[in-house]
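Below you'll find the structure, written out as structure tokens, and then a few comments.
The values are calculated or read from the model by the stated rules, or taken from the named source; none is laboratory data. Quick caveat: nothing in here was measured; it's all calculated off a predicted structure. As a convention, Cβ positions derive from the backbone with ideal geometry for all residues, glycine included, and neighbour counts pool all protein chains shown. Quick note on the areas: whole protein, heavy atoms, side chains included, nothing else; ligands and nucleic acids left out. Shrake-Rupley method; radii C 1.70, N 1.55, O 1.52, S 1.80 Å.
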Amino acid sequence: MKTAYILVQNLKCGGCAKTITEKLSALVGVEDVKVDVQTAEVSFQYVDELILESAKETLKLSGYPEVGEDNSLGTKAKSFVSCAMGRF
């Protein structure tokens, strides 16, 4: 397995971290998901490049695009919803 370290945008709190952990952990081929709220870094183990791309897409669709990617108002809104859902 390989390890990915991804800096994401819109990561603000433990609710965000919980959502990210749950969504990435649900992907087949992704293990050991860790989210550092202080640095906005998401790390995880993955089996191949297709899984890595799928994980990045999952992050983006949840409102947490990789640093350097487009972070539109719609994406920011998705992160607020994901954050709120993660608190429950």
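How high is the relative contact order of the stretch 1-46? Use alpha-carbon pairs under 8 Å, at least six apart in sequence, and give a whole percent.
Relative contact order of the stretch 1-46: 51 percent.
Using just the helices of the chain, give the 222 nm mean residue ellipticity in deg cm²/dmol: DSSP H runs with n ≥ 4 each add -39,500 (n - 2.57), and the total is spread over all residues, rounded to 500.
Working: 3 runs with 39 residues, N = 88.
Theoretical 222 nm ellipticity from helices: -14000 deg cm²/dmol.
Taking every Cα atom in the chain, find the radius of gyration and the maximum pairwise distance Dmax, and write them in Å.
Reported Rg and Dmax, both Å: 11.8, 35.
Run the dipole for the stretch 1-54 about the Cα centre, Lys and Arg Cβ at +1, Asp and Glu Cβ at -1, nothing else charged, and hand back the magnitude in debye, nearest 20.
260 debye
If you rank Glu22, Glu69 by how much accessible surface each has, with a 1.4 Å probe, what is the order from largest down? Intermediate results must be reported in sequence, preceding the final value.
Values: Glu22 105, Glu69 70 Å².
So, going from the largest accessible area down, we get Glu22, Glu69.
Take peptides 26-39, 6-19 and line them up by average Cβ neighbours within 10 Å, highest first, as a rough protection proxy. It would help to have the intermediate numbers written out before the result.
Numbers: 26-39: 13.9, 6-19: 18.4.
Descending mean neighbour count gives 6-19, 26-39.
At 7 Å along the Cα-to-beta-carbon direction for both Val67 and Glu49, put a label point, then send me their distance in nm to one decimal.
Roughly 2.4 nm, to one decimal.
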